[in-house]
1. For a quick protection proxy, order the peptides 3-9, 22-28, 205-211 by their average other-Cβ count within 10 Å, most packed first.
2. Can you give me the Kirkwood hydrodynamic radius for region 114-263, using every pair of distinct Cα atoms, in Å to one decimal?
3. Return the distance in nm (one decimal) between the two label points of a simple spin-label model at Arg78 and Ala153, each offset 7 Å from Cα along Cα→Cβ.
4. Work out how much length Glu247 to Ala259 would gain on full extension: take 0.36 nm times their residue separation and subtract the Cα-Cα distance, in nm to one decimal.
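Just so it is clear, none of the values below were taken in a lab; they were calculated from the coordinates. Source: prediction; values computed, not measured. No Cβ is skipped: glycine too gets one built from the backbone with ideal geometry, and neighbour counts run over all protein chains shown.
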Amino acid sequence: MHAQIVLFDGFDPLDVVAPFEVLHAGGTASGGSVTVELVSAEGAREVVSGTGGLTLRATAALDPERADLVLVPGASGRVSESEDGPEEVFGEAGVGVPGTQPAEGGAGPGVQPAQGGAAPAEGGAAPAEVADQPVPVLIGRTLTTRLPALLRAAMDDPSVTVATVCGGSLVLALAGLLEGRHATTHHLGLDLLDATGAHAVRARVVDDGDLVTGAGVTSGLDLALHLLEREAGPRIAHAVEELFAHERRGTVWRDRGPAPAAL
């Protein structure tokens, strides 16, 4: 399994590093059957996160034809203190109307470039442009890049699993790619996720076949261990779990079995 973890300006570092370490360790434990790299929609470049200007390097371009797994992180930044609902908060940030379908090149109807009216430069944002930005603004910026079109290609290929951590599912949802799918996200974004036409599930990890989503930031560990178990086997996943002294939390939610009665 070859995994590509996507970097975009303002990404959350823990959303990236936790799955990267799990998958990298899984590759070692499995004798190289799992490989992982950091990528961006623009290709190899330095990508600044939303946390203190921390920068990671994407070593290649996101290419769904080369990947078995594409993982999208969320953004790190200020959480809006608006008393409005999540749809209004994201709308005010320039993200656009939930559920609108993106154009082939990226942004969808109602999606406006964030802050200052200009889309991020091809080479990426400077740390000052990302620092202290609200999370909705950072997620909205991704919709003005080539990322939505590349993610659509990944979602359209049944041989590729697309995974997200935290607000990464909102990147997909706001690009119009999760309608009718079961998914989760950070608890503050569940209402917005549901408003885009996705079936929002309040669970730590949701496995919807070729779409696997994680909730809050630290769920990246559990999501990656679940993917490792699914693709490389439980003994490999258990070895990595032991190495990291981390026990997964919660039941992985799947749309299977009888619906529970009211408790």
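1. On the way: 3-9: 27.0, 22-28: 22.0, 205-211: 20.1.
Descending packing order for the listed peptides: 3-9, 22-28, 205-211.
2. Details: mean 1/r = 0.0597 Å⁻¹.
Result for region 114-263 stands at 16.8 Å.
3. Here the answer is 3.6 nm between the modelled labels.
4. Working: separation 12, 0.36 × 12 = 4.32 nm, distance 2.71 nm.
Extending this stretch completely gives an extra 1.6 nm.
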